[in-house]
Structure formats: structure tokens, C-alpha cells
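Nothing in this text is a laboratory measurement; each read-out follows from the coordinates by a stated rule. Here the structure is a predicted model, which is why all the values come from computation and not from measurement. Note: ideal-geometry Cβ built from the backbone for every residue, glycine included; neighbour counts use all protein chains shown.
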Amino acid sequence: MTAVRSGLHARSLAAWESSYFAELAPPIRHAMLRDAVVVTVPAAQPIYEAFGPPRLALLHHGQARVKVVSRDGRVATVRYAGPGQVIGLPSAIAQGSPVGADAITDCEVSMLNVATLRRLAVADADLSWLLAQQACQIVFETVEFLGDNLFGTVQQRVSRHLLDLASNAPEGLIVRVEQQELADAIGSVREVVARALRKLREAGFVERHPSGIRITDPSGLHRLASGSAP
């Protein structure tokens, strides 16, 4: 992991304008990005740890997995994040949480200063209200995500995670993920995921690709993930 002081880094500005922070006044943007640190995180490395110091990360590029970790080390994925998304807000508000985040692909992020955010939120009602709205949105997304994992079939859960992890490439929608990572994400084992992927290939939803898995029928896979397809 490497880090450099932001100093209103161009990619930090671009990511800020793509995030929900874009609606805030320029003085808040300037104060937050002035205190930020741009960090590059290799794939499979942590962006921040559960139960660690509060962190708030603004993604420039790459994909991240947000996970909840039990005290005995068990892990469950609760959401995925990509460019222009902010992760770590509950930790920043509550001064710590059982939630961490890992880089799925190589990531570049602005690590925003939590102390600066808290200081500004105390003084600015617009910022405080925005943080409250986004915290509620995170709760809704997490409940929906965990509900799918608890009550959906293996096919639905694998399909949902493939869609969440897919990235655009010249050859189509590509998912760069190992079967074991999918198994960990849905709370299953690799053999079960392998069978599910084989069925998805046979149905024409996905196919093998040198970079991982290519989604050949995104709309069909979405219908399967949502339970609206047989």
C-alpha cells in the first residue's frame, strides 16, 4: 500500500463529484480533500480493518468488498463498492464498527480525515443531514443484501454477486473472481458454487473467460437474481 497527501488531487476531485458528497458546498469539499490521503491498495488487501480505527474511503477506481466480521473471525459480505462510492461512513460516525473493506481489484482511494468530517458535521446542518440520509441508505442496502443471502437460492445468490462484481471490458461484462471468493461471499462452499456456475453456463447466462467469468446474458441473469425467472 502506498499513500500520498491529496492536496486536492485531480482524481480525488473527480471521485468527489461522482459521489453523494457532490451536493455539498465547495468549502466543505476543499476542507475534506485538503486533509485527505490518496492510497493505492493491491487486490486482496484490506482498505481498512473491522474493529480498527474509524476510516472513511472515497473510491477513485477499482472494486471493493465491504464485510462484517464476527469476534471469532467469521466473515459475511454486506455490499460491494466501485468508483465514486464512499465506504466506512458508519465507522466514521460511530467511531469504529465490526465492518471492514477489502480491495477486490487494485484500488485507488482517498482516505478522508474522519476528525475533519466530524468537526464539519457539527457545524453544518446540510452535511449532517446528508450523512444521516446516507447512513439510512446503507442500512436499507445491507438488509436487502443479507436478506438475499439468507432467503435466496444458491443460484440467485451467485447471480446477484456476479452482477455486483462485473466490470465493463472491451469483451463485455467480466467478473474477475475466484470460486472460493464467491463461496465466502454467499456463505457457502466452493463445490456448491462450482455447481451453480456450471448450471449458469449451461443455461447460457455466463461463460468461461481467460480473465474470469463473462456474463453473456445480463438481463437474464438479473431476472434470475431477482427471482423473476425460473
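Quick one: in segment 163-214, of everything that is polar (S, T, N, Q) and surrounded by 14 or more Cβ atoms within 10 Å (Cβ to Cβ), which residue is farthest from Thr77 (Cα to Cα)?
Ser167
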Whichever residue in segment 109-135 is more than 18 Å from Gly84 (Cβ to Cβ) and hydroxyl-bearing (Ser, Thr, Tyr) and, among such residues, is surrounded by the most Cβ atoms within 10 Å (Cβ to Cβ)
Thr116
